[in-house]
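To start, the structure itself, in structure tokens.
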Amino acid sequence: NTHTHKNYSISILHYYTVPLITYKITSQDGRPMPKNIQGWYRGVVANAGAVAPITAFQMAVNGGLERMILNGETRELQAIEKIGAAMGAGAISSILYSPLDLVVIQQQKLATSIGGALKAVTSEHGAMALFRGFSSCAVRESIYTAGYLGVGPVATQQIKGMHPFFSENEQAARIAGSCFAGTMAAVMTHPVDTAKTCTQGDLTGKTYKNARSAVGQIYSEHGIGGLYRGGAARTVRICGAFFIVDNVREAAMKYKAEFMK
């Protein structure tokens, strides 16, 4: 099953890049990086275990939104329609992703387990606290999902036609396309991701009332660099994820064309 393989690959990527996620979160939240490997991988179970069903959810919602756009028509979706459907799927997936991110952030901040983080959050702040930072997560995921479902494949195809080297070396074109789309998505979303991380790390709201106000506060205190703390680590991870998705997507299309006629 190609979707299973894709989700498994993304889960493996998250497992091996969790130290990058940890570095990103601690940089954004102004905390030092953990000094041991256990601390680097705190949150790995939540991250690697949940990403597969969330990615599957995004794909399913994206397919449903595309069918709604077509409304029974037999035609290819326009690029803007594909990107719009992907953005909608990403935003909707924040229902799942926002609580996940908050739990991982609290795990690392409190140096505890998934259960410990959930108990600490819900007992002290109530169940709705799990959705703190939801709006900023929706913005981030809408752009991210549009990147891997729309911009990445389009960029790869464009790059193939730019130079004979890329037309003859498909993987090189995929790497370039994934890096272009991944970097673009990271640059566009990192400020809001930083605000989301700071907001979800401050459940009492003493420092950051909400993500919107956090953007202005971080900028006034640390400048544009403050909004991009941990950006390089996140960019590397996103580019890797886009590359895997693009390869598995192409394999799925070939499989469908050959065996599901």
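The values are calculated or read from the model by the stated rules, or taken from the named source; none is laboratory data. Bear in mind the structure is a predicted one, so any value in this text is a computation, not a measurement. Heads up, the Cβs are rebuilt from the backbone with ideal geometry, glycines too, and the neighbour counts pull from every protein chain shown. Accessible surface is based on the protein model in full, side chains and every heavy atom, while ligands, DNA and RNA are left aside. Shrake-Rupley method; radii C 1.70, N 1.55, O 1.52, S 1.80 Å.
Take the solvent-accessible surface of the protein heavy atoms, probe 1.4 Å, and return the percent of it on the stretch 170-222 that carbon and sulfur atoms account for. C and S atoms contribute 61 percent here.
Considering only Tyr148, Val236, Met33, and ranking their Cα positions along the charge dipole of the chain that arises from unit charges at the beta-carbon of Lys, Arg, Asp and Glu, the one farthest toward the positive end is Met33. Globularity index of the chain is 1.04 (Cα radius of gyration / 2.2 N^0.38 Å, N = number of residues). Among the GluC sites (Glu not before Pro) within the stretch 48-95, which fall in a DSSP loop and have no more than 15 other Cβ atoms within 10 Å of their own Cβ? Within the stretch 48-95, the qualifying GluC sites (Glu not before Pro) (loop, at most 15 other Cβ atoms within 10 Å) are Glu73, Glu76.
Over the residues of the stretch 41-112, compute the C-alpha Rg and express it relative to 2.2 N^0.38 Å. That works out to 1.43 for the stretch 41-112. With the simple spin-label model, which puts each label point 7 Å out from Cα in the Cβ direction, the Lys254 to Phe131 separation comes to 4.3 nm.
Under the convention that each Lys and Arg Cβ holds +1 and each Asp and Glu Cβ holds -1, the size of the dipole of the stretch 102-224 around its Cα centre is about 320 debye.
Taking a ≥ b ≥ c as the square roots of the eigenvalues of the Cα gyration tensor, the stretch 39-172 is classed as oblate, since a/c reaches at least 1.5 and a/b does not exceed b/c. Protein heavy-atom accessible surface, 1.4 Å probe, per residue over the chain: 50 Å². Note that the stretch 96-240 carries a Kirkwood radius of 16.7 Å, evaluated over its alpha carbons pair by pair.
Counting only whole DSSP H helices of the chain, the ones at least 24 Å long by C-alpha along their axis and with mean Kyte-Doolittle hydropathy no lower than -0.5 are 2-29, 44-70, 79-110, 170-201, 231-259. Spin-label pair Ile95-Asn71: with each label point 7 Å from Cα along the Cα-Cβ axis, the two points sit 2.4 nm from one another.
Once the Cα-Cα distance is subtracted from the 0.36 nm per residue extended length, the Glu124 to Asn36 segment shows a gain of 28.8 nm.
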